[in-house]
Every structure is written in structure tokens, then in C-alpha cells.
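The values are calculated or read from the model by the stated rules, or taken from the named source; none is laboratory data. Remember, it's a predicted structure, so these values are computed and weren't measured experimentally. FYI the Cβ positions are ideal-geometry reconstructions off the backbone, even for glycines, and counts take in every protein chain you see.
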Amino acid sequence: MSWKQFGGHASDVDRRVVNRVEATRRFQELSGEQQIRVLATFGHNLRSIMGLRIAVVGIVGLCLLWGGTMNAQAKPDESVVGRVAVTAKGAVTFDGVVVTVDVLKQKLADLKKRNGVVWYYREAGKGEPPAQAMEAMKLVVDNRLPISMSTKPDYSDVLLPDGTTRPRPATRRP
């Protein structure tokens, strides 16, 4: 697909839209494991252009996947949050408590039943992710939970699709 297929006269905005559509299509062609690897390495080389493109493709791909499967009544409850963090050594926490993969699986299934969202943080996001980060991401994707990625361990910011961050809006927890 190229912008020439759309008449050959395209503005910069049109070209960017076509490029994003193509990137999304390529992401969707990846196997599930490859998609998880892309998502788990969102922070890897974040300062490089390639790292930004991987993060954008992963987040856009997730949005498209979830957008096609969620119905009107399945809008997530932003006040029901599960905070998942993975340390550089591979320890996984859920809401600040170290958990095993089996416990995380149960917690995420419960979060799904309550129509919640995941806030995700990975320590040392620039390096290669530990296997536990891959497994945590796989569980989030398997449960089709909405995810919001953060670059700070207190989840005070939100990583945007363009690679920038913004402060996280205040939410109340029940």
C-alpha cells in the first residue's frame, strides 16, 4: 500500500495516515508471541526513532484489537485498576505485592470480571525485557484487558502512542 494508490497526490498528513495503516496491518500479521514481544519491549530504545515506532505500532495494534472485540456495555471502569510492575530482575508485582505467574493470572481474570484496566510499568525499560515481563504481557493480552503504560514506578504518567508522556489524570479507587 502506498499513498500513490490514493491518487498520487497526498499531503504529508495523508502519507502519515497511510503509513500508520500499513504499520498496523503489519503488526496484525505478526504471531501472538511476536505481538507480545513488541508490546513487552515498549520501552526498549525508547529514545531512538525505531523504539518509538515499535511502541506506537504495539499500542495502535492493541487499540485496534480491543476496539473490534469490545461492545458498548464493555467500556472499562477506569476506577478499577490493577497495577502490574516488573522489576529489572524479573519480579512481578500486582498492586504492590510480589506475585507468581499463577497468582497474576487469577488477579487479571478477576480484574477482567470487574471490567477493570491494567496500569503497567517495567523497570529498566530500555533493556531487554525479562521472561516474566513477556509472561505478564501475554496474560494481559489473553484477558483482553485495556492497558495503560507508565514510565514511572508510581504510575504518575501515561505513555502516549507518539512516545511522549503526560501526567496521569487523578482517579479514585473504591
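Scanning the stretch 94-117 for residues that are more than 23 Å from P130 (Cα to Cα) and not in a loop (DSSP other than H, G, I, E, B) yields a total of 4.
Please determine whether any residue of the stretch 126-137 is of a type in the set (D, E, K, R) and more than 14 Å from the chain's Cα centre (by Cα). Checked against the condition, which is being of a type in the set (D, E, K, R) and more than 14 Å from the chain's Cα centre (by Cα), the stretch 126-137 yields at least one hit.
The set of residues from the stretch 83-93 being within 18 Å of M134 (Cβ to Cβ) and either surrounded by 14 or more Cβ atoms within 10 Å (Cβ to Cβ) or within 17 Å of the chain's Cα centre (by Cα) (or both) comprises V84, A85, V86, T87, G90, V92, T93. Can we say V101 is buried (at least 18 other Cβ atoms within 10 Å of the Cβ), in contact (Cβ under 8 Å) with a residue 12 or more places away in the chain and not acidic (D, E)? Judged against the criteria, V101 is not a match. Scanning the stretch 143-167 for residues that are touching a residue at least 24 places away in the same chain (Cβ under 8 Å) and either more than 13 Å from A85 (Cα to Cα) or of a type in the set (K, R) (or both) yields a count of 9. What number of residues in the stretch 142-156 are over 19 Å from P76 (Cα atoms) and either part of a strand (DSSP E or B) or touching a Phe, Trp or Tyr at 6+ places or on another chain (Cβ under 9 Å) (or both)? Summing the residues that are over 19 Å from P76 (Cα atoms) and either part of a strand (DSSP E or B) or touching a Phe, Trp or Tyr at 6+ places or on another chain (Cβ under 9 Å) (or both) in the stretch 142-156 gives 4. Residues that are touching a Leu at 6+ places or on another chain (Cβ under 8 Å), over 18 Å from G90 (Cα atoms) and modelled with pLDDT under 90 were ranked within the stretch 123-164; the one that is surrounded by the most Cβ atoms within 10 Å (Cβ to Cβ) is G163.
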